[in-house]
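Comments concern the structure below.
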Amino acid sequence: MSVPQTAILPGRGGAAGTAADLFWRNPKVLLALLLIPPLLWLGIIYLGSLFALLAQSFFSIDEFSGLVKYELTLKTYRELLNPANLDIIARTVLMAAAVTIAAAIVAFPVAYYAARYARGRWKALFYLGIMLPLWSSYLVKVYAWKLILAKEGILNWVFEKLHLTWLLEAYLSAPVIGGNSLSVSYTGTFLVFLYVWLPFMILPVQAALERVPGNLVEASADLGATPAQTFRNVLLPLAMPGVVAGSIFTFSLTLGDYIIPQIIGSSRLFIGQAVYAHQGTAGNIPLAAAFTVVPVVIMGFYLWGAKRLGAFNAL
Amino acid sequence: MQTAVLFSRVSRHFGNVRAVDEVDLDVAEGEFFAMLGPSGSGKTTCLRLIAGFEQPTAGHIEIFGQTAEGVPPYRRNVNTVFQDYALFPHLSVLDNVAYGLMIRGVGKRERLQEAETALELVRLPGYGDRRPSQLSGGQRQRVALARALVNKPKVLLLDEPLGALDLKLREQMQEELKALQRSLGITFIFVTHDQGEALSMADRVAVFNDGRIMQVGTPQDIYQRPRSRFVADFVGASNVLPPDFSGSRNWASLRPEAIRLVSSDGRPARVLSRNYLGGQTRLSLEAGGQRLNMLAASGDDLPADGANVRIDWSPDDLHLMEDGE
């Protein structure tokens, strides 16, 4: 290729060349072309189906025929708020909150190490360690946990070898959190939820901590803050958007899950299981839809509360 | 006068790298002390050793007579103005300034009042409600200064405090820093790679190279009587002359402004190029195989490029260096 001689080069020609010039002059055309397909997907298929679902919750079921009556009514919501169903909601929300808090506590040191200290190969190892469990099937992982937690499982065996069976039994005899074995207790459900959703907490917290300049920690120490004070006054506020982002995952995923509590835990229902039961065997689509509205509403309040508490101030 | 900071044979090694190598240093109370050197010369590591962010590999550090090794930064009554200011982005300017007081448990009303006073001291009254991101570089610099000074530290450390500012603002801040230091009487130790800044602001200057201190002295000492070729070279672009040129046993330094153009006698030289600097013009000369820089008052009668001239200097201006092998 020869070196061009003129100051202004001729057009490249062809469709690609013409398009390149056109897009350069009208960048918005390119933006529109890029955005329209995903927006159609998001608007129609994604949100559309969600609104169809919401609409279902305002219909009701005819008690005699078992068919859905397509009239707008709040009857289904009245049914949703009966004591048995409120029990299910409360149980699920408490579990989601417990899982979220525990995930944040476990994730923070891991994320902090990865963001501050891990370099090169150790960082790659960190990502591998966090992501590896996500590459295997969710169902297999949950069943693996059932084997770990079962009465004949490895955990019981370890306790036995350590002569600590009495400790485990004392724990299992506690009300609510206990049970016949870990695999049929709320503790078991909690542990498996925590295991399965933990990566979704670690990654956003790590990303948030990575953006905190190291010299802010030094500046805080320089101004007299002990490591604990620095954590409370600098690290935590700056990592908060990451913690909130992670908690949105752990909280909402726990609210909606129906497989883990079915395989591991007491037979008492969670929201996901209630949805599954009502849309399946019971054929009560409106009530199932009303149940799915609950996590959406709870998440809405959650985000509103987080914003009011200033969780996003550092964004 | 008491010694504010004392280093005796302090080393800080990172693996094989000797960032600071057997440094002896003493800074007097109330002194404005500059650590000058090229990047990687160990001056910032020395500052971090005083702040407590680094611990010495060997040697002994005292701050106001008290041993500093093993003492964490938060137990040192020493504050730092960081190079890029390190203001907390999630706090308002006022809360940034009040941070140290808040940590020490000073009540809210009192600490905000003191923070406002500190903001007035750095001539930013009423800026407390803003976020650091809403301030210009010069304003952030002042906030960082206020945030450190509000704690009334025994020693204030400044890490290239003016590096990110433009020339005019830098000169203004130099004046202000000097005035502040005089009025507060706090020991200031500041790190810079800018010899002009070090010479104009400091009471004493330590010149660093390769983790060692090459020379400590008043700006006049350092400038007029450099002890080694490195110091002569680094501080003020001196001409460094080999023994055979100066006609003595040692290497010598000759300030550019000490060279005069003369009409007779002197040494023959040739003008290689001219650099107009405003009030002065720098002439690049070649004399007897040696390149020389000279500064002359700008004027119409300066010789043209390539002209043959004669130059001279007074023997007093030729400074022989002790450490000039």
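The values are calculated or read from the model by the stated rules, or taken from the named source; none is laboratory data. In this text the structure is predicted, and so the values were computed from the model without any measurement. All Cβ positions, even for glycine, are placed from backbone atoms using ideal geometry, and neighbour counts span all protein chains on display. Protein only, heavy atoms only, side chains kept; ligands, DNA and RNA dropped before computing areas. Shrake-Rupley method; radii C 1.70, N 1.55, O 1.52, S 1.80 Å.
Select from B:Tyr74, B:Leu285, B:Leu261 the residue farthest towards the positive end of the dipole of chain B; place +1 on Cβ of Lys and Arg, -1 on Cβ of Asp and Glu, and compute about the Cα centre.
B:Tyr74
Could you work out how far the C-alpha centroid of region A:263-315 sits from that of region B:262-309, in angstrom?
Value for the Cα centre distance between the two parts: 84 Å.
For region B:1-145, what is the accessible area per residue in Å², given a 1.4 Å probe and the full set of protein chains? Can you show the working numbers first?
Working: 6380 Å² over 145 residues.
It amounts to 44 Å² per residue over region B:1-145.
At what distance in angstrom do the alpha carbon centres of region A:94-146 and region A:202-256 lie from each other?
With region A:94-146 and region A:202-256 each reduced to a Cα centre, they are spaced 16 Å.
Give me a comma-separated list of calculated 3J(HN,Hα) values for region A:294-308, in order, Karplus coefficients 6.51, -1.76, 1.60 applied at θ = phi - 60°, integers in Hz, x for any Gly or Pro.
Per residue, the Karplus-derived 3J(HN,Hα) values read 4, x, 4, 5, 4, 5, x, 5, 4, 5, 4, x, 4, 5, 5 Hz.
Taking every alpha carbon pair in region A:1-139, what does the distance histogram look like in 10 angstrom bins from 0, in percent?
Bins of 10 Å from zero give 8, 14, 16, 20, 20, 13, 6, 3, 0 percent of pairs.
Evaluate the distance, in nm, between pseudo-label points positioned 7 Å from the Cα of B:Gln280 and of B:Gln220 along their respective Cα→Cβ axes.
1.8 nm
About the Cα centre of chain B, what is the dipole size in debye to 20, counting +1 per Lys and Arg Cβ and -1 per Asp and Glu Cβ, all else neutral?
Values: 37 positive and 41 negative charges, 184 e Å.
About 880 debye.
Could you tell me what a quarter of the Cα convex hull surface of chain B works out to, in nm² with one decimal place? It would help to have the intermediate numbers written out before the result.
Details: hull surface 80.0 nm².
For chain B, averaging the hull's shadow over all directions gives 20.0 nm².
Does the protein assembly as shown come out rounded, prolate or oblate, given a ≥ b ≥ c as the square roots of the eigenvalues of its C-alpha gyration tensor, rounded meaning a/c under 1.5 and, failing that, prolate meaning a/b above b/c? Before the final figure, lay out the partial values.
Numbers: a/c = 2.82, a/b = 2.04, b/c = 1.38.
It is prolate, given that a/c is not under 1.5 and a/b is the larger ratio.
Assuming a ≥ b ≥ c are the square roots of the Cα gyration tensor eigenvalues, decide whether chain A counts as rounded (a/c under 1.5), prolate (otherwise, with a/b larger than b/c) or oblate. Intermediate values should be presented prior to the final figure.
Details: a/c = 2.09, a/b = 1.25, b/c = 1.68.
The shape class here is oblate.
Put a dot 7 Å past each Cα toward the Cβ at A:Ala19 and A:Val296; how far apart are the dots in nm?
Reported label-point gap for A:Val296 and A:Ala19 is 3.8 nm.
Under 20 Å from the 7 Å Cα→Cβ point of A:Lys307, by amide nitrogen: which residues of region A:232-249?
Under 20 Å, as judged by backbone N against the label point of A:Lys307, lie A:238-249 of region A:232-249.
What residues of region A:15-42 lie in the reach of a label at A:Ala7, counting those whose backbone N is under 14 Å from a point 7 Å from the Cα along Cα→Cβ?
Of the residues in region A:15-42, none has backbone N under 14 Å from the label point off A:Ala7.
Once you've got the GNM for chain B with C-alpha springs shorter than 10 Å, pick whichever of B:Ala28, B:Ala304, B:Ala148 has the biggest mean-square fluctuation.
B:Ala304
How charged is the neighbourhood of B:Asp305? Take every other residue with its Cβ under 11 Å from the Cβ of B:Asp305, and add Lys/Arg as +1 and Asp/Glu as -1.
Details: positive: B:Arg270, B:Arg274; negative: none.
With Lys, Arg at +1 and Asp, Glu at -1, the net is +2.
If R0 is 41 Å, what FRET efficiency do you get for A:Val176 and A:Ser136 from their C-beta distance, rounded to 0.05?
Values: r = 31 Å, r/R0 = 0.76.
E(calc), rounded to 0.05, equals 0.85.
At 7 Å along Cα-to-Cβ for each site, give me the label-to-label distance between A:Leu39 and A:Ile105 in nm.
The answer from the label model is 4.6 nm.
By the gyration tensor of its Cα atoms, with a ≥ b ≥ c the square roots of the eigenvalues, what is the shape of region B:245-325: rounded for a/c under 1.5, prolate for a/b over b/c, or oblate? Mind dumping the intermediate values first?
Working: a/c = 2.03, a/b = 1.69, b/c = 1.20.
Prolate, because a/c is 1.5 or more and a/b exceeds b/c.
Choose one of B:Leu6, B:Leu121, B:Ala58: the residue whose Cα lies farthest towards the positive end of the charge dipole of region B:1-149 (beta-carbon charges +1 Lys, Arg; -1 Asp, Glu; about the Cα centre).
B:Leu121
So which residue, out of A:Ala102, A:Ala225, A:Ala15, gets the largest mean-square fluctuation from a GNM of chain A using Cα contacts under 10 Å as springs?
Maximum among the listed residues: A:Ala15.
So, counting K/R as plus one and D/E as minus one, what does the shell of residues with Cβ under 10 Å around B:Gly37 add up to?
+1
Just round it to a whole percent: the fraction of Cα-Cα distances in region A:24-69 exceeding 11 Å. Don't skip to the end; give the middle numbers.
Working: 758 of 1035 pairs.
The proportion of pairs with Cα distances above 11 Å equals 73 percent.
Could you work out, residue by residue across B:81-88, how many beta carbons of other chains sit within 10 Å of that residue's beta carbon, and then give the average as an integer?
Numbers: counts 2, 6, 1, 2, 2, 10, 2, 9.
For this peptide, the per-residue mean of nearby foreign Cβ atoms is 4.
If you project the alpha carbons of region B:1-91 onto the principal axes, what extent comes out on each, in Å, largest first?
In descending order, the Cα extents are 41, 36, 26 Å.
Any idea of the total accessible area buried by the A-B contact, 1.4 Å probe, rounded to 100 Å²?
Details: alone 19510 and 15870 Å², together 33610 Å².
In total, chains A and B hide about 1800 Å² from solvent.
For the protein assembly as shown, with all protein chains present and a 1.4 Å probe, just round the carbon and sulfur fraction of the accessible area to a whole percent. Please list the in-between numbers first.
Values: 20130 of 33610 Å².
Taking all protein chains in place, the protein assembly as shown shows 60 percent carbon and sulfur surface.
Could you order the peptides A:248-259, A:16-27 from most to least packed, using the average number of other C-beta atoms within 10 Å per residue?
Numbers: A:248-259: 20.8, A:16-27: 11.2.
Ranking the peptides A:248-259, A:16-27 by packing returns A:248-259, A:16-27.
If amide hydrogens are placed 1.01 Å from N in the peptide plane, which non-local residues have theirs closer than 5 Å to the one on B:Val262?
Distant-sequence amide H within range of B:Val262: B:Arg310, B:Ile311, B:Asp312.
Over chain B, how many pairs of lysines fall under 22 Å by alpha carbon, counting only those 8 or more apart in sequence or from different chains?
Eligible lysine pairs with Cα atoms under 22 Å apart amount to 6.
Where Lys and Arg each count +1 and Asp and Glu each count -1, what net charge lies around B:Leu101 among other residues with Cβ under 9 Å from its Cβ? Before the final figure, lay out each step's value.
Working: positive: B:Arg104, B:Arg111; negative: B:Glu110, B:Glu114.
Charge balance in the 9 Å sphere: 0.
So if R0 is 60 Å, what FRET efficiency would A:Trp157 and B:Val262 give, r being the distance between their Cβ atoms, rounded to the nearest 0.05?
Details: r = 100 Å, r/R0 = 1.66.
Step by step, r from the Cβ atoms, then E = 0.05.
May I ask you to find the residues of region B:97-116 that are shielded by at least 10 Å² of accessible area once the whole protein assembly is considered instead of their isolated chain (probe 1.4 Å)?
B:Tyr99, B:Gly100, B:Met102, B:Ile103
Tell me the per residue accessible area of region A:71-162 using a 1.4 Å probe; a whole number in Å² is fine. Each step should come with its number before you reach the end.
On the way: 5880 Å² over 92 residues.
Averaged over the residues of region A:71-162, the accessible area is 64 Å².
Magnitude of the Cβ-charge dipole of chain A, K/R +1 and D/E -1, about the Cα centre, nearest 20 debye?
Around 680 debye, computed over chain A.
Quick check: residue separation of A:Asn26 and A:Ser266 times 0.36 nm, minus the Cα distance between them. What number comes out in nm? Mind dumping the intermediate values first?
Numbers: separation 240, 0.36 × 240 = 86.40 nm, distance 6.09 nm.
Roughly 80.3 nm would be gained on extension.
Could you list which residues have their amide H under 5 Å from that of B:Leu272, counting only those 5 or more apart in sequence or on another chain, with H placed in the peptide plane?
Excluding prolines and chain starts, which carry no amide H, the hits are B:Ser284, B:Leu285, B:Glu286, B:Gly306.
Pop out the ³J(HN,Hα) list for region B:190-200 in order, Karplus 6.51 cos²θ - 1.76 cosθ + 1.60 with θ = phi - 60°, rounded to Hz; leave Gly and Pro as x.
Running phi through 6.51 cos²θ - 1.76 cosθ + 1.60 with θ = phi - 60° gives 10, 9, 8, 10, 9, 5, x, 5, 4, 5, 7 Hz.
Could you go through region B:242-255 in sequence order and give the Karplus-derived ³J(HN,Hα) for each residue, using 6.51 cos²θ - 1.76 cosθ + 1.60 with θ = phi - 60°, rounded to whole Hz, and x for Gly and Pro?
x, x, 5, 6, 7, x, 10, 6, 9, 5, 9, 10, 9, 5
How much length is gained if the chain between B:Leu272 and B:Gln290 is pulled fully straight, taking 0.36 nm per residue apart and subtracting their Cα-Cα distance, in nm to one decimal? Display every interim value, and only then the final one.
On the way: separation 18, 0.36 × 18 = 6.48 nm, distance 1.18 nm.
The span from B:Leu272 to B:Gln290 would gain 5.3 nm if fully extended.
Where does the protein assembly as shown land at 222 nm, in deg cm²/dmol rounded to the nearest 500, when only DSSP H runs of n ≥ 4 count, each adding -39500 (n - 2.57), divided by all residues?
Numbers: 25 runs with 303 residues, N = 640.
Roughly -14500 deg cm²/dmol at 222 nm, from the helical runs in the protein assembly as shown.
Keeping every protein chain present and rolling a 1.4 Å probe, give me the accessible area per residue for region B:193-325 in Å². Let's see the in-between values first.
Values: 6830 Å² over 133 residues.
In whole numbers, region B:193-325 has 51 Å² accessible per residue.
Got a sec? Charge dipole of region A:1-115, +1 on Cβ for Lys and Arg, -1 for Asp and Glu; which of A:Ala107, A:Pro27, A:Leu74 is way out at the positive end?
Positive-end residue among those listed: A:Pro27.
How big is the antiparallel share of DSSP beta bridges in the protein assembly as shown, given as a percent to the nearest 5? Don't skip to the end; give the middle numbers.
Numbers: 48 of 67 bridges.
In the protein assembly as shown, approximately 70 percent of DSSP beta bridges are antiparallel ones.
Let's test the formula: R0 of 35 Å, r as the Cβ-Cβ distance of B:Leu302 and B:Met1. What FRET efficiency results, to the nearest 0.05? Kindly include the intermediate steps, with their values, before the conclusion.
On the way: r = 48 Å, r/R0 = 1.37.
Taking R0 as 35 Å, the efficiency between B:Leu302 and B:Met1 is 0.15.
Compare each residue of region B:33-74 in its chain alone against the assembly with all protein chains, and report those whose accessible area goes down by 40 Å² or more; 1.4 Å probe, heavy atoms.
B:Phe53, B:Tyr74
Would you mind working out the magnitude of the charge dipole of the protein assembly as shown relative to its Cα centre, with +1 at each Lys and Arg C-beta and -1 at each Asp and Glu C-beta, to the nearest 20 Debye? Each step should come with its number before you reach the end.
Details: 57 positive and 54 negative charges, 336 e Å.
Computed charge dipole of the protein assembly as shown: roughly 1620 debye.
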